[in-house]
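Below: the structure, in C-alpha cells.
Read the figures in this text as sums done on the coordinates, not as results from a lab. Since the structure is predicted, the reported quantities are computational estimates derived from the model, not experimental observations. FYI the Cβ positions are ideal-geometry reconstructions off the backbone, even for glycines, and counts take in every protein chain you see.
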Amino acid sequence: MTSFADITPTLERLAIEVPSWAYGNSGTRFKVFGTPGTPRTVEEKIADAATVHRFTGLAPAVALHIPWDLVDDWAALRRYAEDLGIALGTINSNTFQDDDYKLGALTHTDPKIRQKAVDHHFECIDVMDATGSRDLKIWLAEGSNYPGQADMRGRQDRLAESLQKIYDRIGDEQRLVLEYKFFEPAFYHTDVPDWGTSYVQVAALGERAMVCLDTGHHAPGTNIEFIVAQLLRLGKLGSFDFNSRFYADDDLIVGSADPFQLFRILVEVIRGGGLDADSDVALMLDQCHNIEKKIPGQIRSVLNVQEMTARALLLDREALTAAQESGDVLEAHEIFMDAFSTDVRGDLAAWRESRGLPAHPMKAFAASGYQDGIEAARVGGTQAGWS
Ligand code: LRH
Ligand code: MN
Ligand code: MN
C-alpha cells in the first residue's frame, strides 16, 4: 500500500504552467463577457499568474502567446516575472489571425506566405532566447472546408519543409512541440488532426521535436490515456494542454467535466515516467474563463490537477500488476477505482500548510482582497483578450 507520505516527494515536483490568455477575456465565438479587474497589459497578466503560484505553489511559469503578449523589452519582462517569483514559459506562435493565412500558413502553396509564417516562428525563437523559454509550441489552424479544395498530400510535404526550417533554428536547449486538433477552424480536413500526424512530423525533425497533447482536441469518446501511454512509450510526449470538454474544444476548467478521465490520464503519465524527477513532460493549462473569475478559475484548475495526481500516485501498482497478471479482471478494476475514490483533500490541505502554503488556496485567495484590489485599480485602458 502506498501512503500519502510516500507520494509527497512527487507532489512536491508538480508544476503546471498557466497560459497568459486565461487571464484575459476570451473563450467563445459568441459573446465574450468581460470581468472587472481583467489585465490590460502583459505585466498585469503575469502578476495574476504569479498570484496563482503564490496561493498554490503549483504554477511557477506562465506561457505567452505571440503576438498577443508582444512587448518591446523581453529582458525587462523576464525580470518582472522573476521578481514576482515565476518564470516565462512556453512561447506559443500564432498563425491564425492574419488574412494572408486564410488558406494556410506553413502549408500554403505560395512560398512567400510560407516564409512569412516561418519568419513568425523565427521571431518567436528570438523571444525564447530573451525570455529563457524552453518550448516553442506550434498549433496550426490549417486545413480545408471542402473536399477537393486542397491537395492534402502536398500540404503535408510543405508542412514538413516549413517545420524543418523552424526546427533548424531552435537552440540546443530548446524544443519544438507540435499540437494537434481534430477539427476547427477547418472542418473538412485539418493538416495536423491527430497524434499520429504530429508524431510523424516531429519524428522526422529530430530529438528535440515532440508532440503536444491538448485534452480538448479529440473526438468525443477518444481514449486519451492510451495516446498518453503510446507517446510516452515512444519518448515523444512533450507537453500537455489541460482543459475539460463536454462537446468539442470547450476549454473549461480541467477536471470539471470528467474527473475520472483526468485521473486515467495521470495514471498513464505516472506509469510512463512523466512525473519522474528527470521527466521533461511539460504540464500546462490551456483554458478560457468566460463566465467565472479568472484567477480563482486558474487556482481551481491547478488544484484539480494536484488532487487527481495525488489519487493517481496512490494507486497500488504492485497489487494492480498482480491482479492483472493473474487475470483477475474485477480485482484489478477495484484496485484502480479505489485509488480514484480516495479522498485526498484533508491530507493535501495539511501538507500545503506544512509547506507554508494556505491549506485552502481558493478560500485564502477569496479572503486576500487581491480580486477587489485589481477590480479597483484596473480601470481605464483596454482589457486584454484574444486580439
Ligand atoms: C487551439 C489552442 C492552441 C492555441 C490556444 C489559444 O485550439 O488550443 O493551443 O494556441 O488554443
Ligand atoms: Mn491548446
Ligand atoms: Mn484548443
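Considering only ALA277, ALA15, ALA81, the Gaussian network model of the chain with Cα springs below 10 Å gives its largest mean-square fluctuation to ALA277.
So for the stretch 258-387, what are the equivalent ellipsoid semi-axes in whole Å, largest first, each being the square root of 5 times an eigenvalue of the Cα gyration tensor? Spell out each step's value before the answer.
Values: eigenvalues 271, 60, 34 Å².
They are 37, 17, 13 Å, listed from largest to smallest.
Each part gets one Cα centre, and for the stretch 180-224 versus the stretch 80-152 those centres are 15 Å apart.
Across the stretch 175-221, Cα-Cα distances exceeding 14 Å account for 47% of all pairs. May I ask for the longest run of the chain untouched by trypsin sites (Lys or Arg not before Pro) that are loop-located per DSSP and have at most 13 neighbouring C-beta atoms (other than their own) within 10 Å? Between the exposed loop sites, the longest stretch runs 103-354. Using a Gaussian network model of the chain in which every pair of alpha carbons under 10 angstrom is joined by a spring, one finds that among GLU173, GLU82, GLU17 the greatest mean-square fluctuation is at GLU173.
Here LYS181 is the anchor, and the lysines within straight C-alpha reach of less than 18 Å, apart from those fewer than 8 places off in the same chain, are LYS102, LYS137, LYS236. Per the Kirkwood formula applied to alpha carbons, the stretch 245-328 shows a radius of gyration over Rh ratio, Rg over Rh, of 1.06. Excluding residues fewer than 8 places away in the same chain, name every one of the aspartates and glutamates whose C-alpha is closer than 17 Å to that of LYS45. List returned: GLU17, ASP69, ASP72, ASP73, GLU82, ASP83, ASP286, GLU292, ASP372, GLU375. By the Cα gyration tensor, the stretch 172-285 has an equivalent ellipsoid whose semi-axes, rounded to whole angstrom, run 21, 19, 11 from largest to smallest. Here the stretch 15-296 is treated as a sphere whose radius is the Kirkwood value from Cα pairs; by Stokes-Einstein at 10 °C and 1.306 mPa s it diffuses with a coefficient of 83 µm²/s. By the count of neighbouring beta-carbon atoms within 10 Å, fewest first, TYR247, TYR188, TYR180 end up ordered TYR247, TYR188, TYR180.
By how many nm would the segment from VAL71 to ARG317 grow when fully extended, if each residue of separation counts as 0.36 nm and the alpha-carbon distance is taken off?
On the way: separation 246, 0.36 × 246 = 88.56 nm, distance 4.79 nm.
Full-extension gain reported as 83.8 nm.
Only beta bridges with both residues in the chain are counted; by DSSP, about 10 percent of them are antiparallel.
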